[in-house]
Amino acid sequence: ANTMARDEIEQITGLTTNNLDAYWMPFTANRQFKKDPRLLVKAKDMHYTSADGRQILDGTAGLWCCNAGHGRQKIVEAVQKQVAELDYAPAFQMAHPKSFELAARLAALMPDPLNHVFYTNSGSESVETALKMALAYHKARGEGSRTRLIGRERGYHGVNFGGISVGGMVANRKQFGAMLAGVDHMRHTHGIAGNEFSKGVPKNGIEYAEDLMRLIQLHDPSTIAAVIVEPVAGSAGVILPPEGYLKRLREICDEHGILLIFDEVITGFGRLGTPFGVDYFDVIPDLVTTAKGLTSGVVPMGAVFASSKVYDAFMTGPDHLIELFHGYTYSAHPLACAAALATLDVYAEEELLTRGAKMAEYWQEALHSLRDCPHVIDIRNIGLIGAVELEPIAGEPTKRAFTAFLKAYEKNILIRTTGDTIAMSPPLIISESEIDTLVGTLRDVLKSLD
Ligand code: PLP
């Protein structure tokens with residue numbers, strides 16, 4: 001087997017039993033992992049190098065974030081230069097020039113009227129920021145009764161309390177008690193009959209948007225502040241919106257004075273073959289949350305895009321007063337701004353934000369060629385993201401897909417699993433032959449599963 005014995009790892013990396021145990025790993029089965037750690041020590045372009053010296057093809061862009069690929073020289077140099085020049089500047093009542101330059105460039109990437117950018121350090125923080133903006137927006141306009149937030153089953157909006165409250169992934173909620181008050185959830189759009197093995201956006205299920213009407217009727221629109229959805233749900237297993245669904249949500253929100261928030265932490269920065277999901281679906285929400293691809297994963301950073309309508313509602317009253325009592329020590333961190341500016345350069349020079357559209361058909365056909373593999377019950381794709389859903393082993397949910405993940409890693413490809421779904425979202429620089437390798441290896445893995 002390719003996996004290393006623990007003493008071998010200790011030899012190569014200098015890690016001892018003790019310092020393996022000190023690190024409480026996130027979203028990881030710690031005890032299992034530490035028996036047989038999977039350690040990455042280098043990355044360049046499409047590949048990681050594992051501690052035992054293997055080249056691992058990155059089928060997931062790290063965690064859906066390294067959209068420009070790894071070790072991009074321009075980004076590396078920009079961060080190195082920045083840290084030597086200005087390591088940190090306070091973000092409150094002070095600023096540094098790159099924060100303005102970056103915001104202007106980001107705003108120019110987004111369609112009007114999403115013209116204003118608020119910085120955070122992660123997707124989770126972007127979500128909290130957008131939810132707070134939505135609540136404060138209504139209050140600023142004298143509609144403080146609008147306090148209710150609506151998410152969706154199977155939604156993933158990070159791990160902070162607002163995010164897990166509007167989120168709908170049960171495992172991420174059930175350990176943590178009561179959640180935010182005044183939150184409700186629309187039904188998810190996974191598994192709608194007739195949508196199995198759809199290529200791209202599925203045809204059936206626009207009526208699921210009317211589930212928002214059910215909640216509006218139940219609670220009265222005057223109590224609802226905002227609806228938050230991922231245009232394409234990523235972490236729950238690449239769940240696509242039925243054709244027309246997002247447009248219908250927009251219409252309903254408009255009719256009832258409700259803000260619409262798109263969580264584009266995964267779909268932003270080229271994942272769907274357009275700069276944002278906003279562009280792909282031609283639907284303009286009031287707030288858009290982003291992170292990940294913003295810096296291609298190099299430095300933690302998130303950003304919330306706000307429409308002029310939202311921003312302007314705050315820009316009233318005496319101009320020496322703070323308009324929004326919210327922000328982070330590391331908002332607009334100089335290293336993150338430098339990384340993001342260089343990342344946007346790479347995206348522009350190599351046309352990566354639209355490259356997914358050019359590769360989408362090849363990606364789609366490659367993925368759907370797995371249709372006849374054992375255990376496969378659905379395949380979903382859009383842009384350069386895709387999922388292969390497996391039939392769960394009776395009584396042992398998640399086990400089959402996780403076994404596939406382990407075997408894939410042994411065969412030098414990195415994939416991700418959520419439940420019994422295998423998800424993939426490679427760096428946007430992936431070539432056709434690398435798609436062949438990724439999918440071909442996955443085929444071998446699927447054939448080897450019990
Ligand atoms: N929102 C969405 C849609 C995400 O996919 C994620 C992460 O996968 C987050 C929020 C949370 O981002 P982070 O892990 O950077 O906090």
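The values are calculated or read from the model by the stated rules, or taken from the named source; none is laboratory data. The shown structure was predicted, so the numbers you read here are calculated from the model rather than taken from an experiment. All Cβ positions, even for glycine, are placed from backbone atoms using ideal geometry, and neighbour counts span all protein chains on display.
Just a few scattered comments:
- Region 380-404 - residue that is hydrophobic (A, V, I, L, M, F, W, C) and buried (at least 20 other Cβ atoms within 10 Å of the Cβ) and, of those, farthest from E196 (Cα to Cα): A404
- Selection of strands (runs of 3 or more DSSP E) fully inside region 357-450 by the criterion of at least 1 residues being among the small types (G, A, S) returns 385-390, 421-424.
- Residue match in region 209-224 (condition: more than 14 Å from the ligand (Cβ to nearest atom) and modelled with pLDDT under 95): no
- Verdict on M301 being within 16 Å of the ligand (Cβ to nearest atom) and among the aliphatic types (A, V, I, L, M): yes
- Region 304-332: number of residues that are surrounded by 24 or more Cβ atoms within 10 Å (Cβ to Cβ) and more than 18 Å from A136 (Cα to Cα): 1
- For A95: the one exception among (1) surrounded by fewer than 20 Cβ atoms within 10 Å (Cβ to Cβ); (2) under 30 Å from W24 (Cα atoms); (3) of a type in the set (G, A, S): (2)
- Selection status of S99, in a helix (DSSP H, G or I), closer than 19 Å to V232 by Cβ and of a type in the set (S, T, Y): no
- Filtered by the rule that a residue be surrounded by fewer than 16 Cβ atoms within 10 Å (Cβ to Cβ) and part of a helix (DSSP H, G or I), region 162-215 gives V170, A171, R173, E207, E210, M213, R214.
- Selected residue (criterion: nearest to G356 (Cα to Cα)) from residues of region 58-76 that are aliphatic (A, V, I, L, M) and crowded, with 20+ Cβ neighbours inside 10 Å: A68
- Within region 92-141, the set of residues being within 23 Å of the chain's Cα centre (by Cα), away from the ligand (no atom under 16 Å from the Cβ) and not aliphatic (A, V, I, L, M) comprises S99, R105, P111, D112, P113, N115, H116.
- Long-range neighbours under 7 Å by Cβ, at least six apart or interchain, first residue free of Cβ contacts under 8 Å to residues at least 60 places away in the same chain within region 224-251, second away from the ligand (no atom under 16 Å from the Cβ) and small (G, A, S): P242/G205; Y245/G205; Y245/A209; R248/A209; L249/A209
- Search result, residues across region 233-282 that are under 27 Å from L341 (Cβ atoms), among the hydrophobic types (A, V, I, L, M, F, W, C) and outside any helix (DSSP H, G or I): I261, F262, V265, I266, F269, L272, F276
- Among all residues of region 275-284, there is at least one that is within 16 Å of the ligand (Cβ to nearest atom) and not hydrophobic (A, V, I, L, M, F, W, C).
- Which numbered condition Y280 fails, given (1) of a type outside the set (S, T, N, Q); (2) closer than 15 Å to L384 by Cα; (3) surrounded by 24 or more Cβ atoms within 10 Å (Cβ to Cβ): (3)
- Within region 116-161, the set of residues being among the hydroxyl-bearing types (S, T, Y) and in a helix (DSSP H, G or I) comprises S124, S126, T129, Y137.
- Only a single item in (1) over 26 Å from the mean Cα position of the chain (by Cα); (2) free of Cβ contacts under 8 Å to residues at least 24 places away in the same chain; (3) loosely packed, with under 14 Cβ neighbours inside 10 Å is not met by K81, and it is number (2).
- Residues in region 142-164 that are touching a residue at least 60 places away in the same chain (Cβ under 8 Å) and either within 11 Å of the ligand (Cβ to nearest atom) or closer than 18 Å to S235 by Cα (or both): G151, R152, R154, G155, Y156, H157, G158.
- Subset of region 225-248 [away from the ligand (no atom under 16 Å from the Cβ) and buried (at least 24 other Cβ atoms within 10 Å of the Cβ)]: A225
- S124, sole failed condition from (1) farther than 25 Å from D279 by Cβ; (2) in contact with a His (Cβ under 8 Å, 6 or more places away or on another chain); (3) surrounded by 18 or more Cβ atoms within 10 Å (Cβ to Cβ): (1)
- The residues of region 333-382 that are under 18 Å from E434 (Cβ atoms) and hydroxyl-bearing (S, T, Y), listed by number, are Y362, S369.
- Residue match in region 344-359 (condition: buried (at least 18 other Cβ atoms within 10 Å of the Cβ), more than 28 Å from E101 (Cβ to Cβ) and in contact with a strand residue (DSSP E or B) (Cβ under 7 Å, 6 or more places away or on another chain)): no
- Checking every residue in region 51-71 against the condition of being free of Cβ contacts under 8 Å to residues at least 12 places away in the same chain, among the polar types (S, T, N, Q) and either within 16 Å of the ligand (Cβ to nearest atom) or in a loop (DSSP other than H, G, I, E, B) (or both) gives zero matches.
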